[in-house]
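The values are calculated or read from the model by the stated rules, or taken from the named source; none is laboratory data. Because the structure is predicted, anything quoted here is derived from the model rather than measured. Note that we place each Cβ from the backbone using ideal geometry, even for glycine, and neighbour counts take in every protein chain shown. The accessibility values were calculated without ligands, DNA or RNA, using every heavy atom of the protein model including side chains. Shrake-Rupley method; radii C 1.70, N 1.55, O 1.52, S 1.80 Å.
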Amino acid sequence: MADSLAIAILAAGKGTRMRSSLPKVLHRLSGLTLVENVLASTAGMNPTRKLAIVGYEAAQVKDALAHVEGIEFVEQTEQLGTGHAVQQVIPALEGFEGNLLVLNGDVPLLKPETIESMLKTHTDNGNAATILTAQMDDPTGYGRVFCDENLIVQEIIEHRDCTEAQRKNNRTNAGIYCFNWSALMTILPHLKSDNDQNEYYLTDVIKDLSPVMAMDTSPAEVAGINNRKQLSEAEAVMQRRIKDALMLSGVTLINAESITIDSTVTVEPDVIIEPQTNLRGNSVIKAGCRIGPGALVENSTIGENTLLVHSMVTDSAIAAGGRIGPFAHIRGQAQVAENCRIGNFVEIKKSTIGANSNMAHLSYLGDAELGAQVNVGAGTITANYDGKYKHKTVLGDRVKTGANTTLVAPITIGEDVTIAAGSTLTKDVAPDCLALTRSPQKTIPGWKPRYIREDSQP
Ligand code: UD1
Ligand code: CA
């Protein structure tokens, strides 16, 4: 039987170098928090325990991870170092037998296959500990790993505790470790804090364990995020990965550099994404769409073969065949059925729009329910808010609103109603009617402005 596996993620630190009130591990990288990205790198593993060590702004970090199945939180009330952080899991792992995978909450670019092969190296060699390492061009700031030619590790020394000569060693500690738990337990409780920072360093257990083996991986994968410059560099790496994978799966990206796509977004094959487009959150772009230029789609589904130009869609769904934009804003759980045309300067909020409906210009629909084949004339506005409450507007199938119609909600307009241009409707209209509110037009023949009339007097 394979050894059982527990995972511990270190997420208690403040992240002083981020210069932020938000805990470091909650800063976002391609749509997920750093710590969620770290968790994503353990996808496919089946740990028996999943522990997150939280401390600085613990409640916020717990909230962000509450959706993770089986997660347990361990509090580190004072952040006295990475070794002290792992000490906090000792009571929770009482009686545990197997391996403990320790992950730094600020190392977000790891690939699952790298961790898996590290675990395999660990078990195949019966190591007390296996650590992930990388040979970096610029190892500044990282702990240095000292090992022999067979990658058997003697010790890890933090950058700030290294001599000049030791700093020349460019093999760095990634902050990702697999420990045989019972071997670790002989050392972990006895850590000392006699270093430059007076912290309990997890890295100090290494010199007292044997055998410890290093496994080299690519520097890009183990980049730690300590400041916002590194966050931005990691974002570039993650974006490259996401976009490369999409392009190879059949998605065209035009000027890929100018596009951003969260790792949580699904894009189906034969979608074309044009420049300056941002796809975020749990969005799904179905096959055959053309999105952009200049589109922002967040937590929304865009149905097959939809065109979406210079527009913003958030928390909403558009069914197949939509023609959206330019300059449409669709938000707040709006549901747009098949083949709708939503054009220039149209805002739709929390409304459902029936199939084959058109609203081509300059409208606001809020809290509205439209049937199918509705034609919304230019300048149609739902007056949905009385200053305190929001009210509903219902338009039946095939309603046609004239230009500059104001619909004062609550109001229901029956099927096949035509509303004349410039009308302000406050009362329900039965099906098959023409509705209009209009003051009669006055035409005064031969009229001239007063200044002309006065100038012509003798
Ligand atoms: C650590 C390693 C270093 C390695 C680097 C890789 C130590 C002593 N050093 O340094 O060898 O090269 O990571 O990125 O381990 N944390 C806690 N509680 C604490 C302190 C930290 O949970 O008391 C968490 C932080 O939230 C963070 C992680 O541990 O997620 C790493 O802490 P950080 O202070 O960034 O360590 P580094 O100085 O980067
Ligand atoms: Ca770090």
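The calculated Kirkwood hydrodynamic radius for the range 334-458 is 15.6 Å, given to one decimal from all distinct C-alpha pairs. Shape analysis of the range 5-222 places it in the rounded category; the axes a ≥ b ≥ c from the Cα gyration tensor give an a/c below 1.5.
Average accessible surface for the range 20-176: 43 Å² per residue, computed with a 1.4 Å probe over protein heavy atoms with every protein chain in place.
Ignoring ligands, DNA and RNA, what percent of the 1.4 Å accessible area of the range 228-435 is carbon and sulfur? Each step should come with its number before you reach the end.
Working: 4820 of 9010 Å².
Roughly 54 percent, rounded to a whole number.
Using just the alpha carbons, could you tell me how many Å³ per residue the convex hull of the range 228-435 encloses? Spell out each step's value before the answer.
On the way: hull volume 20.5 nm³, N = 208.
Expressed per residue, the convex hull around the Cα atoms of the range 228-435 is 99 Å³.
For K111, a cut-off of 18 angstrom between C-alpha atoms picks up these aspartates and glutamates, skipping any fewer than 8 places away in its own chain: E36, D216, E221, E233, E235, D244, D262.
Across the range 338-351, computed HN-Hα scalar couplings (Karplus, 6.51 cos²θ - 1.76 cosθ + 1.60, θ = phi - 60°) run 4, 6, 8, 10, 10, x, 4, 6, 10, 10, 10, 10, 6, 9 Hz from first to last residue, x flagging Gly and Pro.
Counting only heavy atoms of the protein chains and using a 1.4 Å probe, T443 has close to 110 Å² of accessible surface.
Sum up the charges of everything whose Cβ sits under 13 Å from the Cβ of I152, counting Lys and Arg as +1 and Asp and Glu as -1, but leave I152 out.
On the way: positive: R171, K207; negative: D148, E149, E155.
Here the charged neighbours net out to -1.
P(r) tail for the range 58-128: Cα pairs beyond 13 Å make up 76% of the total. Shape analysis of the range 203-331 places it in the prolate category; the axes a ≥ b ≥ c from the Cα gyration tensor give an a/c of at least 1.5, with a/b above b/c.
Give the relative contact order (percent, whole number) for the range 5-222; include only Cα pairs under 8 Å separated by 6+ residues.
Working: 442 pairs, mean separation 53.0, N = 218.
Taking the mean separation of contacting Cα pairs over the length of the range 5-222, I get 24 percent.
The amide H of L296, built 1.01 Å from its N in the peptide plane, has N278, S311, M312, V313 as neighbours under 5 Å, considering only residues 5 or more places off or on other chains.
Would you mind telling me the share, in percent, of accessible area of the range 26-107 contributed by carbon and sulfur at probe 1.4 angstrom? C and S fraction of accessible area: 46 percent. Take the alpha carbon gyration tensor of the range 292-376, find the square roots of its eigenvalues, order them as a ≥ b ≥ c, and report rounded if a/c is under 1.5; if not, report prolate when a/b exceeds b/c, else oblate. Verdict is rounded for the range 292-376. Per-residue accessible area (protein heavy atoms, 1.4 Å probe) orders H122, H361 as H361, H122, starting from the largest.
Which whole-number percentage describes the relative contact order of the chain, with Cα contacts under 8 Å and a sequence gap of 6 or more?
On the way: 1186 pairs, mean separation 37.0, N = 458.
For the chain, the relative contact order is 8 percent.
Where both partners of a DSSP beta bridge lie in the chain, what percent of those bridges are antiparallel, to the nearest 5?
On the way: 20 of 106 bridges.
Once the DSSP bridges in the chain are tallied, antiparallel ones form about 20 percent.
Taking amide H as placed 1.01 Å from N in the peptide plane, T424 has its amide H under 5 Å from the amide H of T406, T437, each at least 5 places away in sequence or on another chain.
For K349, list the aspartates and glutamates whose Cα falls under 14 Å from its own Cα; do not include residues on the same chain fewer than 8 positions away. Qualifying aspartates and glutamates at Cα under 14 Å: D315, D367, E369. Exposed loop sites, defined as trypsin sites (Lys or Arg not before Pro) outside DSSP H, G, I, E and B with at most 12 other Cβ atoms within 10 Å, are absent from the longest region of the chain, namely 193-387. In percent, rounded to a whole number, the relative contact order of the range 228-435 is 9, using alpha-carbon pairs under 8 Å and six or more apart.
Compute the longest continuous run of the chain that contains no exposed GluC sites (Glu not before Pro); treat a site as exposed when its DSSP state is not H, G, I, E or B and it has at most 13 other Cβ atoms within 10 Å.
Numbers: sites that count: E69, E78, E94, E97, E149.
Formally, the longest exposed-site-free interval is 150-458.
Along the range 269-276 the Karplus relation, 6.51 cos²θ - 1.76 cosθ + 1.60 evaluated at θ = phi - 60°, assigns HN-Hα couplings of x, 6, 9, 10, 10, 8, x, 6 Hz to successive residues, with x for each Gly and Pro. Note on the range 1-44: semi-axes of the ellipsoid equivalent to its C-alpha gyration tensor, largest first and rounded to whole Å, are 26, 13, 5. Its alpha carbons give the chain an Rg and a Dmax of 31.0, 115 Å.
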